[in-house]
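Quick notes on the structure that follows.
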Amino acid sequence: MFQLFSGSCRFACSLADAARRAVRKHSKPLFPIVLAAPALLGSGAAHATESALGRPVSGTSVASGAGEVPPPGITIINLQQVYMDGSIGGSRPVPIGGQLSLGADAKVAMTVATVVRTWGSAGGWNFGSGITLPYIWESVHATLSGQRASGTVGDRASNLYDLYFTPIVAGYSLTPNDHIALSFNFYAPTGNYDPKALANAGQNTWTFIPQVAYTKTLPKYGLEFDAVMGFQFYTRNNATQYQNAPLFTLDVMGLKTFANGVGVGLVMGTTQQLGKDSGPLATRLDGFVGSDFALGPIVTYKTRIAAKMPLSASLRWVPVVSSSNRLKSTNTFLGSATVAF
């Protein structure tokens, strides 16, 4: 039952500059858009929800131009590849496969395709909507001691993950260099799910994610600051009677860009569980409350295709430096590419 989605993998793409360039044909600048990382493995390695994963991957939901939303009539396509390799020590029991495991190890790779379309404006606000199609591969090993299985067992899953929707995102420019975006996003339980499996392509829960993003630019110095804050609310997994507590997520990024289109920066992210999980297994673990903190570098690049279509790409490494009741991964990578037209 190890599931996640990147995270980040939480539209958290380098859309800002791609969108800015794409709109030079408009009368005003075109701003980028970040509609909540399909956080990411979703995302990510680690909150203390069922299976110690859940959806967010700390450090993957923030991107350049996170608080900017383009004017109407812009289509943005983003592709992401996420990989993580994490574990929880054998001294910590983990709710997985409908029973308890002493520790767990998981490798996850996710390919994510997102399409965003901006469609309206009013009172200085720009509006858009999007959909994300993720495909997940995961391999899980756990040490079980229960009626169905005992000893070290492994499982794999490879299939479409839960679909991620952004019905509405609204962006507003506070000043020419300060931007804010508000969005409502949700996961639908569309992926295959087996309550007795260690590895699943879906989570068997609806997850609702209100989110706010902010971007501050200092063009004179080529500097940019971005932040994405969100809350995740889960429905009960009726197959296991496990209820994940809400999560608070916060990712921030500082970026320095150069005239040749290259940018370098630092990403920080955290996931904090708000309250205790509930259900038979969660009660035995005193609510299985968890948190983590990730920190790592990011490299970005911006250019044009055929001197017309803007293209942006980025690669980040965001190892978890501290975690409790979440998978700890020092091998969490996210690569993304974005075009806007």
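Which residues in region 151-173 have a backbone N closer than 16 Å to a point placed 7 Å from the Cα of Ala122 along the Cα-to-Cβ line?
168-172
At 7 Å along Cα-to-Cβ for each site, give me the label-to-label distance between Phe341 and Thr152 in nm.
Each label point lies 7 Å from its Cα, and together they span 5.0 nm.
When the Karplus curve 6.51 cos²θ - 1.76 cosθ + 1.60 is applied with θ = phi - 60°, which whole-Hz ³J(HN,Hα) does each residue of region 211-220 get, with x for Gly and Pro?
Each residue's phi maps through the Karplus curve to give 8, 10, 10, 9, 10, 10, 10, 10, x, 4 Hz.
Across region 237-248, in residue order, what do the Karplus-derived ³J(HN,Hα) couplings come to in whole Hz, using 6.51 cos²θ - 1.76 cosθ + 1.60 with θ = phi - 60° and x for Gly and Pro?
Taking θ as phi minus 60°, the curve returns 7, 5, 6, 10, 6, 9, 10, 6, 6, x, 10, 10 Hz for region 237-248.
Enter the Cα centre distance for the pair region 294-335 and region 174-193, rounded to the nearest angstrom.
Taking the Cα centre of each part, region 294-335 and region 174-193 sit 18 Å apart.
Each residue of region 169-184 in turn: what ³J(HN,Hα) in whole Hz from Karplus with 6.51, -1.76, 1.60 and θ = phi - 60°, glycine and Pro shown as x?
For region 169-184, the Karplus-derived couplings read 9, 10, x, 9, 9, 5, 9, x, 10, 10, 9, 9, 9, 10, 9, 10 Hz, x marking Gly and Pro.
Show which aspartates and glutamates lie in cross-link reach of Lys256 when reach means a straight Cα distance below 14 angstrom and same-chain residues fewer than eight apart are skipped.
Asp17, Glu224, Asp226
Quickly work out the Phe231-to-Ser278 label distance, labels modelled 7 Å from Cα along the C-beta direction, and quote it in nm with one decimal.
Calculated label separation equals 1.6 nm.
For the pair Lys308/Trp206, report the inter-label distance in nm, with labels modelled 7 Å from Cα in the Cβ direction.
So the label points at Lys308 and Trp206 sit 4.3 nm apart.
Determine which residues of region 323-340 fall in the zone a paramagnetic label at Ile77 would reach in this model, i.e. backbone nitrogen under 11 Å from the point 7 Å along Cα→Cβ.
338-340
A short reminder: the numbers here are calculations on the coordinates, not readings from a lab. Note that the structure is a prediction, hence the values are computed from the model and not measured. Heads up, the Cβs are rebuilt from the backbone with ideal geometry, glycines too, and the neighbour counts pull from every protein chain shown.
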